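For reference, the structure is listed below as structure tokens.
The values are calculated or read from the model by the stated rules, or taken from the named source; none is laboratory data. Keep in mind that what you see is a predicted model, and the values were worked out from it rather than measured. No Cβ is skipped: glycine too gets one built from the backbone with ideal geometry, and neighbour counts run over all protein chains shown.
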Amino acid sequence: MKKNKVTIKTGRSDEFFRRVRGRAEKLDRGESLPAEITISFEDPMELLSLLTSERVRLLGHAKAGSLPISDLADGLKRDVRAVSRDVVVLERAGLLRTSYRTNPGHGRLKIVEALARGYRLTANL
């Protein structure tokens, strides 16, 4: 199931812990949490090293649905190996999910799926 949104932002560690405590308190009260993921970076340069312009384009194309890496590469007009490397980086960061599908007579296809309907990027310097 896709989350409603993923927020990628810069922020201080005290903000992170305040957000986590707030979510824990809601769970303790039996409240439900919104379907969202927040990924925080203390250093804006780390955020920028993760979200290159090509990776941002890749996220935009991945929102269209579950696609094989070769189809993503075609849509982005990029080399399949380069897209595959970017998919690995974005999956490790928690922004994409991959799975494998049987391709009869041709082995397996690696399928890429966005984790959210929307991604929001917030950076404060």
Residues of segment 98-125 satisfying the condition of being at pLDDT 90 or above and either over 29 Å from I39 (Cα atoms) or touching a Ser or Thr at 6+ places or on another chain (Cβ under 6 Å) (or both): K110, I111, V112, E113
Filter pass, G107 being surrounded by 16 or more Cβ atoms within 10 Å (Cβ to Cβ), farther than 30 Å from R18 by Cβ and free of Cβ contacts under 8 Å to residues at least 40 places away in the same chain: no
Residues being in contact with a strand residue (DSSP E or B) (Cβ under 8 Å, 6 or more places away or on another chain), farther than 16 Å from V6 by Cβ and of a type outside the set (D, E, K, R) - total across segment 38-63: 1
Residues (of a type in the set (A, V, I, L, M, F, W, C) and touching a strand residue (DSSP E or B) at 6+ places or on another chain (Cβ under 7 Å)) located in segment 64-75: L67, I69, L72
Number of positions in segment 81-104 that are part of a helix (DSSP H, G or I), β-branched (V, I, T) and surrounded by 15 or more Cβ atoms within 10 Å (Cβ to Cβ): 3
